Amino acid sequence: MENKDKETIELKGIAVKYILRWKLFLLVFILSFIPAVLYLTFYPRTYEFMAGVKLQSEKESSMGSFGIGEASGLMKSFGISAGGGGGVSIDDEMAVITSVRMLRMMILDLGLNVLYSRPYSLYNMYHDAPLKLVADTVTMANLNDEYRFAVSFVPGNIKVKARNRSGFNETFTFASLPAEIKTGSDEFTLDYGDVPLTEKSFKLNIRCVPVNWMAEDLKESILVEDISTSSNVLEMSCSEHSIERGKDMLNTLIRKYNEDVASYKQTEDNKTMEFVDGRISLIAADLAKVELDIQAYKTKNDMTLLESDVAFYSEVIKELQTSIMEVESQSRLINMLNEYIKDPANKYNVVPSLFTADGETGAVAKYNEALLERDRLLKNSNETNVLFKAADNRVENLRSGVFVMIENARKSTDETLKDLKLKEKQMFSKMKTIPEKEREYVNYRREQEILQGLYLMLLQKREETLLSLSKQADRARVIEPAYVKKRPLGPRKLYAAIGILVLTLVLPVGYLFFKDLFVSLQEEYKRIK
């Protein structure tokens with residue numbers, strides 16, 4: 001009980017001591033307004049921007065809803081959709097939108113990696129900069145060091161002090177603009193900005209940052225979130241000091257994403273068209289040959305009314321022969337795909353999506369994705385690049401998986417076809433009344449129907465691909481263009497008030513505490529001495 005009373009008395013003593021020093025607290029309170037006012041005055045106003053998009057799956061083409069006779073039935077029996085379309089993975093697309101590659105495309109399009117500011121200013125200019133620093137796309141994309149340019153503009157005497165982190169430091173003098181600035185292997189052009197000059201002389205600081213560095217920073221500040229697990233609508237947000245730049249960032253990012261998806265889809269459709277057109281020519285020639293063989297066979301055997309006879313017997317074994325026709329068609333598709341992949345000319349071409357029966361995430365889909373990634377790296381670098389070698393090795397590994405898939409499919413269809421033909425043979429042995437020439441004619445007709453089905457299927461796929469090429473819809477449909485929210489993120493008066501309160505309490509208390517500690521230590525030192 002005595003200890004509690006002692007503690008209460010000590011706390012009261014401390015509180016009274018602090019109250020007696022109220023002038024100190026008041027002085028610090030008044031002085032703390034200075035950094036608060038400086039914060040509210042000079043800190044750039046920061047805004048929050050929002051945009052909304054809806055991710056759309058590939059629409060079924062208009063041709064897909066009609067179905068071209070037997071071709072539609074064949075495609076359904078093989079598990080191949082008669083029209084385009086498919087779901088879209090929200091998580092995957094969110095990762096693509098915020099990827100460094102996509103942000104690089106947006107930054108280069110807007111020129112965000114070149115920052116303009118006045119000396120001693122916290123504000124970065126955008127389109128209001130009096131000068132602009134430009135370079136070719138390759139230089140900007142491959143920049144590996146940050147350059148800083150201090151420009152002193154006086155008509156007839158323009159001085160530019162350029163330096164980078166690698167030790168480059170040189171001063172250039174120009175009489176007029178535009179002017180070339182060569183910094184070793186990199187070359188820049190300094191020119192007038194997009195707005196008329198309002199000052200006769202001024203100073204300007206310019207930073208040229210590597211695109212990858214800028215993309216890494218923006219990756220943290222640009223957020224993409226889905227509004228619910230059952231919706232395809234995404235909300236995009238970012239913070240920025242310039243209203244115009246903030247809107248441009250979100251709108252350009254959406255546009256670049258749509259262009260990238262359209263480019264990938266167009267590449268895939270062009271490869272499919274090339275493959276389909278070649279196969280249509282081959283099948284048309286085979287079909288013409290079979291029709292000539294039928295004509296010669298009927299003429300040789302004087303078979304004028306054979307159609308009615310064959311129709312009678314075909315009704316008995318129709319179901320069995322339909323199955324054989326489907327399996328043989330499937331086998332031909334597999335052989336076509338095998339010939340296409342084993343052709344050295346197609347070693348680095350994507351496998352057409354018409355015949356990928358293993359789904360969007362199977363061996364063929366992964367192989368196509370690896371090929372496109374390899375082509376992209378080859379365009380942006382060379383074959384000695386480490387990333388390119390890794391992508392090339394991945395393509396070789398995945399190609400073996402495609403061969404295994406084709407071999408397994410061939411074995412499966414061969415076994416199925418063997419079993420069906422055995423049953424067919426057993427059926428024909430029971431139908432001894434059918435003349436030999438009629439059975440031969442049935443084989444001719446079956447070969448003709450197989451080729452006709454394949455021909456119609458390829459024609460339908462070509463029309464669908466042409467429709468897809470001519471009608472490219474945006475993957476991300478804009479439902480809410482980029483806009484700035486009403487309430488700025490900073491400077492916030494609440495933060496200034498919190499700062500004043502913290503300084504008013506912490507500084508005086510800390511000062512009094514350490515002062516008493518110093519006095520007590522000094523007295524203890526004198527006592528011991």
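The values are calculated or read from the model by the stated rules, or taken from the named source; none is laboratory data. Keep in mind it's a predicted model, so treat the numbers as computed, not measured. Note that we place each Cβ from the backbone using ideal geometry, even for glycine, and neighbour counts take in every protein chain shown. We work out accessible area using only protein heavy atoms, side chains counted, and drop any ligands, DNA or RNA first. Shrake-Rupley method; radii C 1.70, N 1.55, O 1.52, S 1.80 Å.
Observations
- Within the range 458-515, considering residues that are open to solvent by less than 70 Å² (accessible area, probe 1.4 Å) and among the small types (G, A, S), the one farthest from the chain's Cα centre (by Cα): G510
- Residue match in the range 154-169 (condition: charged (D, E, K, R) and either open to solvent by less than 80 Å² (accessible area, probe 1.4 Å) or within 24 Å of the chain's Cα centre (by Cα) (or both)): no
- For R207, the criteria (1) in contact with a helix residue (DSSP H, G or I) (Cβ under 8 Å, 6 or more places away or on another chain); (2) over 16 Å from P481 (Cα atoms) hold in every case but one, which is (1).
- Some residue of the range 187-209 being open to solvent by 90 Å² or more (accessible area, probe 1.4 Å), at pLDDT below 90, of a type outside the set (V, I, T) and outside any loop (DSSP other than H, G, I, E, B): no
- Considering (1) of a type outside the set (K, R); (2) more than 28 Å from D248 (Cβ to Cβ); (3) surrounded by 13 or more Cβ atoms within 10 Å (Cβ to Cβ); (4) free of Cβ contacts under 8 Å to residues at least 24 places away in the same chain, the lone condition that S176 does not fulfil carries the number (3).
- Some residue of the range 104-117 being more than 26 Å from the chain's Cα centre (by Cα), modelled with pLDDT of 90 or more and open to solvent by less than 70 Å² (accessible area, probe 1.4 Å): yes
- Within the range 475-504, the set of residues being part of a helix (DSSP H, G or I) and at pLDDT 80 or above comprises I498, G499, L501, V502, L503, T504.
- Residue in the range 374-384 that is touching a Leu at 6+ places or on another chain (Cβ under 8 Å) and surrounded by fewer than 16 Cβ atoms within 10 Å (Cβ to Cβ) present: yes
- Pairing each residue of the range 358-374 that is part of a helix (DSSP H, G or I) and of a type outside the set (A, V, I, L, M, F, W, C) with any residue that is at pLDDT below 75 and loosely packed, with under 15 Cβ neighbours inside 10 Å, provided the two are 6+ apart or on different chains, yields C-beta distances under 9 Å for R374/Y348.
- Taken as a whole, the structure leaves S166 outside the set of residues that are touching a residue at least 40 places away in the same chain (Cβ under 8 Å) and polar (S, T, N, Q).
- Residues that are touching an Asp or Glu at 6+ places or on another chain (Cβ under 9 Å), assigned to a helix (DSSP H, G or I) and in contact (Cβ under 8 Å) with a residue 60 or more places away in the chain, drawn from the range 110-145: L110
- Considered as a group, the residues in the range 213-237 that are more than 10 Å from T98 (Cα to Cα) and among the β-branched types (V, I, T) include one that is least open to solvent (accessible area, probe 1.4 Å), and that residue is V233.
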